[in-house]
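Worksheet: the structure to be examined is printed underneath.
Nothing in this text is a laboratory measurement; each read-out follows from the coordinates by a stated rule. Quick caveat: nothing in here was measured; it's all calculated off a predicted structure. With ideal geometry, Cβ positions are generated from the backbone for all residues, glycine too; neighbour counts draw on all protein chains shown.
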Amino acid sequence: MIPPIANNFVAGETAPGALDHVASLNDDDVKGILNLLGEHYDERQPADEDADQYIELVKEIDRSGLDCCISVKPSQIGLDVGDDVFVENLERIVAAGDDRGVFVWVDMEDYTTTDVTLDAYERLVTEHEGGVGVCTQANLKRTPEDLERLAPLPGKVRLVKGAYSEPKTVSYKKKERVNEAYRDCLELMFEEFEGGIGVGSHDPAMIDYAKDLHDEYGTDYEVQMLMGVRDDAQRDLAAEGVPMWQYIPYGDKWFSYFYRRVRERKENALFAVRAVLS
């Protein structure tokens with residue numbers, strides 16, 4: 001069993017349990033983004049196995065009729081084994097999603113993986129004319145240029161502040177500077193994108209800013225938050241008519257996920273404590 005503290009942030013160890021969680025969210029007009037836990041495999045077999053599990057998950061989502069999609073990590077499906085392994089497995093997952101009408105998000109990991117991840121996303125979203133999304137990180141200095149590249153594509157782009165501890169040569173380190181970069185990137189997206197903006201943030205100020213930008217530019221957007229963080233706010237936003245998506249990890253590798261989330265940044269630890277206490 002997942003202990004009470006961790007089960008605030010992880011929806012069980014199995015796909016059926018995660019889908020039950022999605023069903024409860026859908027009752028409150030909150031949609032789900034399912035992520036099978038696992039990352040940084042250095043052998044092909046577990047990467048292929050997790051890709052196979054994602055394909056089965058796509059089929060289960062299609063059969064369930066629930067309002068949810070999936071999100072995969074590049075290192076989980078083979079990036080640490082080889083770029084070709086990652087691309088091959090991602091192609092299989094995206095093709096399954098395309099066949100079943102299930103959207104596929106591609107998570108972003110540390111800065112060394114940015115180019116290969118964006119290259120794979122650009123090719124697949126163009127070939128499939130949508131149905132795929134990718135994550136970008138505002139703390140990376142390169143992100144505005146990446147957003148200019150992604151703006152004409154038919155997919156979706158999620159903007160997060162960035163959870164990885166990157167070198168200061170490629171990233172902003174101070175919280176205030178990251179917040180400034182996030183605001184600048186959001187405005188660029190609302191101004192230049194035709195839609196498909198994912199506001200990946202728990203920060204009320206950033207969510208309010210996205211609402212203001214939507215009022216100014218009219219660009220469609222959605223808000224995405226982690227399971228277990230500001231759950232009441234997620235339901236409130238959905239009740240206000242804001243498209244609300246919850247990122248939902250599940251699987252037997254829950255301990256490493258929970259431990260890493262708490263250790264990554266001081267803010268994450270504070271979110272975890274607040275969520276548990278509330």
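Please give me, ordered by residue number, the trypsin sites (Lys or Arg not before Pro) of region 151-213 that lie in loop per DSSP and have at most 16 other Cβ atoms within 10 Å.
Working: sites: 156, 158, 161, 168, 173, 174, 175, 177, 183, 211; in loops: 161, 168, 173, 174.
Listed in order of number, the matching sites are 168, 173, 174.
For n ≥ 4 DSSP H runs only, could you compute -39500 (n - 2.57) per run for the chain, divide by its residues and tell me the 222 nm figure to the nearest 500?
One gets -16000 deg cm²/dmol as the mean residue ellipticity at 222 nm.
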Exercise. Evaluate the Debye formula for the chain with equal point scatterers sitting on the alpha carbons, no solvent, and hand back log10 of I(q)/I(0) at q = 0.17 Å⁻¹, in q order, two decimals.
Key: -1.65
Quiz item: Which whole-percent values make up P(r) of region 99-226 when all C-alpha to C-alpha distances are grouped in 10 Å steps starting at zero?
Solution: 13, 47, 34, 6, 0
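Given the chain, what percent of its DSSP beta bridges are antiparallel, to the nearest 5?
5
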Practice problem: Return the single residue from 51, 210, 233 with maximal mean-square fluctuation; model: Gaussian network over the chain, springs between Cα atoms under 10 Å. | Solution: 233
Exercise. Describe numerically, in nm with one decimal, the distance between label points set 7 Å from Cα along Cα→Cβ at residue 99 and at residue 180.
Key: 5.0
Quiz item: Extension gain residue 20-residue 203, at 0.36 nm per residue separation less the Cα-Cα distance, in nm?
Solution: 63.1 nm
Quiz prompt | Centroid-to-centroid separation of region 115-164 and region 191-252 [C-alpha atoms, Å] | solution = 17
